[in-house]
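What follows is a short report on a single structure.
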Amino acid sequence: MAGEPSWFEIGVGDVERAKNFYGTLFGWQFEHTETGQGAVIRTPTVPGGLHGGDEGASPYVFFTVPDIEAAIAQVRELGGAVEELEGHERAEPTQWGRFALCRDDQGSAFGLHQPPAAD
């Protein structure tokens, strides 16, 4: 369903330290990523990720959308903004789908997530 939280991400300086902190605090389980720069977080409800080298970053909550291109256009129409990701407006599709980092018309950060197509 559109608008449901579907992913969260926490930027940290040291991934191993964050895994210890959040694993101990919440009992989260972690999986390594292909790049080794972060970890996938497995929770009983909403999955997430840790990404390293981003000390002091604010957590992002990503909301499900069926069509990320249409949602990006609507963010802009409503006075919001879409942030650049590594030289691109949005990340290329991954095994987890497509993501876009946005700000609403008052500057609050949030994310859009188009899950991968069901096989």
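The values are calculated or read from the model by the stated rules, or taken from the named source; none is laboratory data. From a predicted model like this one, the values you see are computed outputs, not experimental measurements. FYI the Cβ positions are ideal-geometry reconstructions off the backbone, even for glycines, and counts take in every protein chain you see. What goes into the accessible areas is simple: the full protein's heavy atoms, side chains included, and nothing from ligands, DNA or RNA. Shrake-Rupley method; radii C 1.70, N 1.55, O 1.52, S 1.80 Å.
Quick one: length gained pulling residue 55 to residue 20 fully straight, 0.36 nm per residue minus the C-alpha distance?
Net length gain for the segment: 11.0 nm.
Any idea of the accessible area per residue across the chain, 1.4 Å probe, to the nearest Å²? Walk me through the numbers before you get to the answer.
Numbers: 7490 Å² over 119 residues.
Using a 1.4 Å probe on heavy atoms only, each residue of the chain averages 63 Å².
Excluding the sites themselves, what is the longest stretch of the chain that contains no GluC sites (Glu not before Pro) in a DSSP loop with at most 16 other C-beta atoms within 10 Å?
On the way: sites that count: 34, 55, 83, 84, 86, 89.
Answer from the scan: 1-33.
The C-alpha atoms of the chain define a longest principal axis, and helix 15-26 lies at about 90 degrees to it.
Using only the alpha-carbon atoms, how far is helix 68-77 inclined from the longest principal axis of the chain? Give it as 0 to 90 degrees, nearest 10. Once rounded, one gets 60 degrees. Surface composition of the chain: carbon plus sulfur atoms hold 52% of the accessible area, using a 1.4 angstrom probe and ignoring ligands, DNA and RNA. Charge dipole (Cα centre; +1 on Lys/Arg Cβ, -1 on Asp/Glu Cβ; no other charges) of the chain amounts to roughly 360 debye.
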